[in-house]
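Visitor: What follows is a single structure, and I will ask about it in a moment.
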Protein chains: 2
Amino acid sequence: MASLRSWYSIPRGSHFSLANIPFGIISTATSTSPRVAVAIGDHALDLEAFAANNGFSGLSTIQPHQAVFSQPSLNAFAALGRPIHSVVRKYIQGVFAEDTPFPDVLKTNSTLQKQVLLPLKEVQAHLPFKIGDYTDFFAGMNHAYNCGVIFRGPQNALQPNYKHLPVGYHGRASSVVPSGTPIRRPNGQILLNPSAEKKVPTFSPCKKLDIELELGAFVCGSNEQGVPIPIEKAEENLFGVVLMNDWSARDIQAWEYVPLGPFNAKNFGTTISTWVVLADALEPFKARSLENDNEVLPYLREKDDKTVYDIDLQVDVKTSSGSTTTISNVNARNLLWSFPQMLAHHTITGCPFQPGDLLGSGTISGNSSAEYGSFIEQSENGKTPITLEGGEKRTFLEDGDEITIRGVCGTDEEALVGFGECVGRIEPALTLKFA
Amino acid sequence: MASLRSWYSIPRGSHFSLANIPFGIISTATSTSPRVAVAIGDHALDLEAFAANNGFSGLSTIQPHQAVFSQPSLNAFAALGRPIHSVVRKYIQGVFAEDTPFPDVLKTNSTLQKQVLLPLKEVQAHLPFKIGDYTDFFAGMNHAYNCGVIFRGPQNALQPNYKHLPVGYHGRASSVVPSGTPIRRPNGQILLNPSAEKKVPTFSPCKKLDIELELGAFVCGSNEQGVPIPIEKAEENLFGVVLMNDWSARDIQAWEYVPLGPFNAKNFGTTISTWVVLADALEPFKARSLENDNEVLPYLREKDDKTVYDIDLQVDVKTSSGSTTTISNVNARNLLWSFPQMLAHHTITGCPFQPGDLLGSGTISGNSSAEYGSFIEQSENGKTPITLEGGEKRTFLEDGDEITIRGVCGTDEEALVGFGECVGRIEPALTLKFA
C-alpha cells in the first residue's frame, strides 16, 4: 500500500485522515442530487463526479459498478460487498498518497481537484443509507447494570437472559435522521405519580428527555429468510460504523413498556453521524469487549478475542445560554456483545437482512459517572442533578439543549480514524389542541 | 353509482364480488414484471395492461397518474390518497356493472377482456407493498386477557396501561411475506426449566410455535417527523386491510422478552393475505369495538362509535396427514382499539409514517376457546391439547401443519367483501452445525 502521507492538505487532527476514508451521501447548493462521496480532511471527494471524470481509471474492478456512486444512498455500493469496499478505499488512499502511483488522476490535475473536492462546510451530508430495518440492542453492560440498579436494585440489576444473548428490540427505521436534524420534544402519556394505587396517565410533553450514546453498524450483506448468518460470516456482512444518539423519553417509556418493550419512547428520533467509517478502517482498532463470565452458546462464539472497537467517545451539551460542557468520556470497548454477535443472534431464527439495515449497540457507559452515556444514569433518574459549565443544572434535557457526540480512534494526529459529529438540538414540544 | 350486478361472470360466494375490488400486485409465467391488479371473481384485472389499452378513458382523474399501475408495489398508488382510491374503485365497479355507462371499455371488447382478465389460478400474487416499517399492536383485549391469565393469573391479567393506550411494538418489516410462503420453524434459545433457580438456556428448534390471528392495515398517508396525525385525520391515512398471521415462537419469547419486548420470537415470518381490501369497501361493515370502560385521553377519542370492522374470521389447520380442522371462528370486532386510534397513538410523539407502513391489530380472540386466535390460548400454553379431525392432538404447531386464515364481510353471496386466504405451512427447523 502507498504511504499514508498525502500530497493533499489534510489538517492535523482531522477525523478524516488518509487512514480513514469514510463514505457518505452529499449534495451542494449548486448540485442538489444526493450522491456518494468520501470525506478527506476538510473536503468531500464527490465520487460521482470523480468516476465520471475517469477517476477510477486505475481500478478496473469498480468500473462496471460506477453507477452506484450516483445513487442517493450507499445501499447499492454496500451491496457490492466488503472486498469491493476494501479495494475502493485502498485505491482512494493511493490516489491521495504522497507517493501516489496514479499522479495524473488527481495530484497533477488541478482542474479536476476543483471539480471533485468540495469544502465540507459547503456540503450537505444526508442520511447515508435508505434503512430497511433498524434494530437497537442493549449490549452496553454497564448501562444495563446502572439502569437495573435504578429500577430493581443491585441484586437483580441484570436480567437472567442478559449474559446469554444480546437483548434487543426492533426500532423505527423511519425515525432515523442525519446529524444536525432538530429533535422535537415528544408529547405522550406519562404517569405523574407512579406509586399511586390507581394508575391514571397524564398527557404531557416528555419531562425526562434523554440521550443514549451508541454506535450504529450498517449491514452490507443479506440472507435468505429462514437461513441464519453464522457467526464466522457475520463480520463480512458489516459495512461500517456511525455514532448514534437514540433519543429516549424515559417517562413515556416507563408507562408504556410493559409487556412489549419501548415503543413511542424511542420512535420520535434517532440521530446518526453522516460519514460511515468502513469496517476495514476500524480493523486496526479492534479490542477486547467486556468479559462475559458466562459461557455463551456455540452460535455466539467468536474465534477472535478482539471483537469490539477502541473508540474514544465524548458527549457535549451546549445549552441555549451558550455554555458547553463535556458530560461524558467513555470508550466503546464497554460492550458485552459485538456487532457480529448481534447479527448472528438476530438471524439465528432466520430473520432476513438487506444492505442498509442498521444495528444499534445500546448505550455505552463506563463504570464512573463521568463515563455514563445517558442522563438517566448521570442524574440517577432525576434524583441528582448534574452541574454544567456556568452553573446550570440538568437532570434531563431542556429545550434548546444541543448534544454533540464525537468519536475517534487513535492518537496520531495525522492518522486519526474519526466519525465527525453526531449533533441534535431539542425543540420545544408542539402545543396540541383537541376538539 | 351503477348497480353491483355484473355482466361478467363472478361466482356466487366469491370473496371478490363487485362490492369489493381489492388491490394487489401480480405477475404471470408469461409476463413476469410485478404490477398492479384488482381481483374480481376468479380473475385478476391487470391494471397496467388495462390502463395501457385506454381502460381508464372514462376517468380523467387517474390519467396523469397511470404509471402507478406499472409499479411493483402499491406504494405509489396508495400515496395518491383516499379520494383517488375511491374514484378508481368506483370506476372499476362501473366498468363491470351490468348497466355499465362504459360498455365499450370492456363489456363489448372481448379481445381486451382476454388480455387484461387473468385467471387467478394462473397469477402469482406478491407482497402488495414495499413495507417501510411494520408495527404490531396488542389490541385484541380478549387475547391480552387470556395471555395475562396464563402468565399472571386473572387478578392482574391486563397491565395498568392496557386500557389507556394501544400497546404495541415495532416489528421486522423484512420478515413480512405474502400468503403461500413456507415458514421455517426457527431455532433459538429456550429455557427448558423456567422454574429452576439457575436459568441456563438451551439451543433448540422452537417447541412452542404458534399463530396469531390478526388484521393488518396499510397506511397511505405520511406525516412530517415531529408532527402527529390527529385522530380525526387518521382514517384518511389508511389505505386498506389484509389478514395477517404473526407466527410466534412462544418459548423463545418467554426467555428473551424481558425487558425490551418480543424480538427473535417474532421476526422469522409474518404472513399477510395478498389482496388489500380498501377502507372504502369496508365502510359498510363498520361496527362497535369492545367497550373501553376507561375514559381515554382526548388524542385517542373518536367521534364515531363504529370504529372497527365486522369481519368473520376463520382459522383452519391442515396437517400433513391431510385432515383439515377449523380451530377458530371469531369476529374482528373483538378489538379494544381501532386502526385510527393506533395511528394517532403511534404518531403522537411525532413518529413519521410513509405510504406502505403496516399496522397489525394484535391477536383477535373471542370469549370462548372456539374463538381463540392462537394455540397458546387454545391449549392453555401447552397444558390442554386440542383434538383435530381424525384424532390428532395439538398443543402448538407441528412440522407440515398448514394454517389458512379466511375473512369475509357480509352474508349476501353475490356481494361479499372478502380477503381471500392467508396461508402458511411449517417447514422443519434447519439442523445447524457449529465449529
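The values are calculated or read from the model by the stated rules, or taken from the named source; none is laboratory data. Since the model is a prediction, treat every value here as computed from it, not as a measurement. All Cβ positions, even for glycine, are placed from backbone atoms using ideal geometry, and neighbour counts span all protein chains on display. All accessible areas refer to the heavy atoms of the entire protein, side chains included, with ligands and DNA or RNA removed. Shrake-Rupley method; radii C 1.70, N 1.55, O 1.52, S 1.80 Å.
Visitor: In this structure, does B:LEU127 turn out to be at pLDDT 95 or above, within 30 Å of B:SER9 (Cα to Cα) and assigned to a loop (DSSP other than H, G, I, E, B)?
Guide: Numbers: at pLDDT 95 or above: yes; within 30 Å of B:SER9 (Cα to Cα): yes; assigned to a loop (DSSP other than H, G, I, E, B): yes.
It is true that B:LEU127 is at pLDDT 95 or above, within 30 Å of B:SER9 (Cα to Cα) and assigned to a loop (DSSP other than H, G, I, E, B).
Visitor: Sticking with this structure for a sec: Do you know which of the residues in the stretch A:1-35 that are crowded, with 20+ Cβ neighbours inside 10 Å and aromatic (Phe, Trp, Tyr) is nearest to A:SER73 (Cα to Cα)?
Guide: Result: A:PHE23.
Visitor: Select, from B:LEU282, B:LEU297, the only residue that is more than 14 Å from every other protein chain (Cβ to nearest Cβ) and either under 19 Å from B:LYS233 (Cα atoms) or of a type in the set (Val, Ile, Thr) (or both).
Guide: Values: B:LEU297 fails: more than 14 Å from every other protein chain (Cβ to nearest Cβ).
It is B:LEU282.
Visitor: Next question, about the same structure. Could you tell me which numbered condition B:GLN71 fails, if it satisfies all but one of (1) under 19 Å from B:LEU112 (Cα atoms); (2) touching a Lys or Arg at 6+ places or on another chain (Cβ under 9 Å)?
Guide: Here B:GLN71 meets the rest and fails (1).
Visitor: Would you mention how many residues in the stretch A:8-41 are farther than 18 Å from A:CYS409 by Cα, outside the structural domain of A:ARG89 (by TED's automatic domain parsing) and among the polar types (S, T, N, Q)?
Guide: 1
Visitor: May I ask you to verify whether A:ILE252 is aliphatic (A, V, I, L, M) and at the interface with chain B (Cβ under 9 Å from one of its Cβ atoms)?
Guide: When the stated conditions are applied, A:ILE252 passes them.
Visitor: I've got another one for you. Hey, among the residues in the stretch B:343-358 that are away from chain A (no Cβ under 11 Å) and open to solvent by less than 10 Å² (accessible area, probe 1.4 Å), which one's farthest from B:VAL227 (Cα to Cα)? Walk me through how you get there before you give the answer.
Guide: Step one: list which residues in the stretch B:343-358 are away from chain A (no Cβ under 11 Å), which gives B:343, B:355, B:358.
Going one step further and asking which of them are open to solvent by less than 10 Å² (accessible area, probe 1.4 Å), we end up with B:343, B:358.
On the way: B:LEU343: 12, B:LEU358: 19 Å.
Step by step, filter the stretch B:343-358, then rank; the result is B:LEU358.
Visitor: Taking the condition free of Cβ contacts under 8 Å to residues at least 60 places away in the same chain, open to solvent by less than 20 Å² (accessible area, probe 1.4 Å), in contact with a Ser or Thr (Cβ under 9 Å, 6 or more places away or on another chain) and closer than 18 Å to B:GLN124 by Cα, does B:GLY41 pass? Working first, answer last.
Guide: Working: free of Cβ contacts under 8 Å to residues at least 60 places away in the same chain: yes; open to solvent by less than 20 Å² (accessible area, probe 1.4 Å): yes; in contact with a Ser or Thr (Cβ under 9 Å, 6 or more places away or on another chain): yes; closer than 18 Å to B:GLN124 by Cα: yes.
So B:GLY41 fits the description; yes.
Visitor: Of the conditions (1) within 30 Å of B:LEU358 (Cα to Cα); (2) more than 10 Å from chain B (Cβ to nearest Cβ), A:GLY140 satisfies every one except a single condition; which number is it?
Guide: The one condition A:GLY140 does not meet is (1).
Visitor: Can you name the residue in the stretch B:232-252 that is open to solvent by less than 10 Å² (accessible area, probe 1.4 Å) and not aliphatic (A, V, I, L, M) and, of all such residues, is farthest from B:ILE183 (Cα to Cα)?
Guide: Top of the filtered list is B:PHE239.
Visitor: Read through the list (1) without any contact (Cβ under 8 Å) to a residue 12 or more places away in the chain; (2) more than 10 Å from chain B (Cβ to nearest Cβ), then give the number of the only condition that A:MET244 fails.
Guide: For A:MET244, the failing item is (1).
Visitor: So if I check each of B:ILE190, B:ILE150, B:ILE183, which one is touching a residue at least 24 places away in the same chain (Cβ under 8 Å), more than 9 Å from chain A (Cβ to nearest Cβ) and open to solvent by less than 10 Å² (accessible area, probe 1.4 Å)? Outline the logic, then answer.
Guide: Details: B:ILE150 fails: open to solvent by less than 10 Å² (accessible area, probe 1.4 Å); B:ILE183 fails: more than 9 Å from chain A (Cβ to nearest Cβ).
Matching residue, one of B:ILE190, B:ILE150, B:ILE183: B:ILE190.
Visitor: Keeping to the stretch B:153-167, report how many residues are at the interface with chain A (Cβ under 7 Å from one of its Cβ atoms) and either more than 19 Å from A:LYS199 (Cα to Cα) or open to solvent by 30 Å² or more (accessible area, probe 1.4 Å) (or both).
Guide: Let us first name the residues in the stretch B:153-167 that are at the interface with chain A (Cβ under 7 Å from one of its Cβ atoms), namely B:159-161, B:164-165, B:167.
Still in the running and either more than 19 Å from A:LYS199 (Cα to Cα) or open to solvent by 30 Å² or more (accessible area, probe 1.4 Å) (or both): B:159-160.
The qualifying residues number 2.
Visitor: Another question, if that's okay. Looking at B:SER374, B:SER361, which is the one that is open to solvent by less than 40 Å² (accessible area, probe 1.4 Å), within 23 Å of B:SER320 (Cα to Cα) and modelled with pLDDT of 95 or more? Steps first, please.
Guide: On the way: B:SER361 fails: within 23 Å of B:SER320 (Cα to Cα).
On inspection, the qualifying residue turns out to be B:SER374.
Visitor: Shifting gears a bit: Looking at B:GLN71, B:GLN63, can you tell me which residue is touching a helix residue (DSSP H, G or I) at 6+ places or on another chain (Cβ under 8 Å), farther than 22 Å from B:ARG5 by Cβ and outside the structural domain of B:LEU278 (by TED's automatic domain parsing)?
Guide: Working: B:GLN63 fails: touching a helix residue (DSSP H, G or I) at 6+ places or on another chain (Cβ under 8 Å).
None of the other options fit; the residue is B:GLN71.
Okay, residues lined up against (1) within 20 Å of B:LEU18 (Cβ to Cβ); (2) part of a loop (DSSP other than H, G, I, E, B); (3) open to solvent by 50 Å² or more (accessible area, probe 1.4 Å):
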site: B:GLY400; (1), (2), (3): no, yes, no
site: B:ILE403; (1), (2), (3): no, no, no
site: B:VAL408; (1), (2), (3): yes, no, no
site: B:ASP412; (1), (2), (3): yes, yes, yes
site: B:ARG425; (1), (2), (3): no, no, yes
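To keep it simple, each residue is scored yes or no on (1) of a type in the set (D, E, K, R); (2) closer than 28 Å to A:ARG301 by Cα.
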{"site": "A:ILE231", "(1), (2)": "no, yes"}
{"site": "A:ASN237", "(1), (2)": "no, yes"}
{"site": "A:VAL241", "(1), (2)": "no, yes"}
{"site": "A:TRP247", "(1), (2)": "no, no"}
{"site": "A:GLU256", "(1), (2)": "yes, no"}
{"site": "A:GLY261", "(1), (2)": "no, yes"}
{"site": "A:ASN264", "(1), (2)": "no, no"}
{"site": "A:PHE268", "(1), (2)": "no, no"}
